[in-house]
Amino acid sequence: MGIEISSPCLDFPTQQQLDPKSGVPGPSNMGVTQGASKMFHQSRTAPNPAHPSNISLQPFPPSSPPSLDNIMNLLYYLEYGIMGGGVLLWFFVAFGHGIWVWLFRSILISALSFVGATVASLAQRKLEREVERVRFDMHRQRGEKYAPPTPESVEWLNAFTKVIWGLINPDMFVPVADSIED
């Protein structure tokens, strides 16, 4: 009872197998225990799965590793620590020897704190850019790996146009054709 696909190379049942006049219920009328589970495998994306030529179904490079977040947080803490250390150093060193010494020490400590925090921030940005460069290189390698057997195509656009074109009423174009003829 039910429809079984005899050939493993078929993606979905043939028209004869789904013919309502055959007396055999189709997959929408069968329960899971009646044979629908034999027709369609759960690992497929749809009854008519996308063919392997669809590049979107090929594996993507991984996102940034979780350990990178820990390193980025440590660099943020380093920036805050440098700025906080500069404030503490200024508080304990800058006062007590006159206005010119205070001004010189204040400028020196704030400049060193700013430079230190900027260097930590630049190191963080460089690390982020390097990780993105590696990911882009992985994307490029993925594209080169699947390029000959799976060229980039507009299959999705063709399918979309086929569906939309069937919905368009041809009578809508009569006024346009009449205006072109005049």
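The values are calculated or read from the model by the stated rules, or taken from the named source; none is laboratory data. Remember, predicted model here, so these are calculated numbers, not experimental data. Here the Cβ is made from the backbone with ideal geometry for all residues, glycine too, and neighbour counts use every protein chain on show. Remember, those area values only see protein heavy atoms, side chains included, never the ligands or the DNA or RNA. Shrake-Rupley method; radii C 1.70, N 1.55, O 1.52, S 1.80 Å.
Considering only the stretch 154-174, I want to know if a residue exists there that is in contact (Cβ under 8 Å) with a residue 24 or more places away in the chain and either open to solvent by less than 50 Å² (accessible area, probe 1.4 Å) or out of contact with any Ser or Thr (no Cβ under 6 Å at 6 or more places or on another chain) (or both). For the stretch 154-174, residues in contact (Cβ under 8 Å) with a residue 24 or more places away in the chain and either open to solvent by less than 50 Å² (accessible area, probe 1.4 Å) or out of contact with any Ser or Thr (no Cβ under 6 Å at 6 or more places or on another chain) (or both): present.
Exactly one residue out of Phe136, Phe104, Phe95, Phe91 is aromatic (Phe, Trp, Tyr), within 39 Å of the chain's Cα centre (by Cα) and open to solvent by 90 Å² or more (accessible area, probe 1.4 Å): that is Phe136. Evaluate the stretch 138-153: report whether one residue or more is assigned to a helix (DSSP H, G or I), hydrophobic (A, V, I, L, M, F, W, C) and either in contact with an Asp or Glu (Cβ under 8 Å, 6 or more places away or on another chain) or closer than 30 Å to Leu68 by Cα (or both). Checked the stretch 138-153: at least one residue is assigned to a helix (DSSP H, G or I), hydrophobic (A, V, I, L, M, F, W, C) and either in contact with an Asp or Glu (Cβ under 8 Å, 6 or more places away or on another chain) or closer than 30 Å to Leu68 by Cα (or both). For Phe95, state whether it is at pLDDT below 90, over 24 Å from Met138 (Cα atoms), aromatic (Phe, Trp, Tyr) and not in a helix (DSSP H, G or I). The answer is yes for Phe95.
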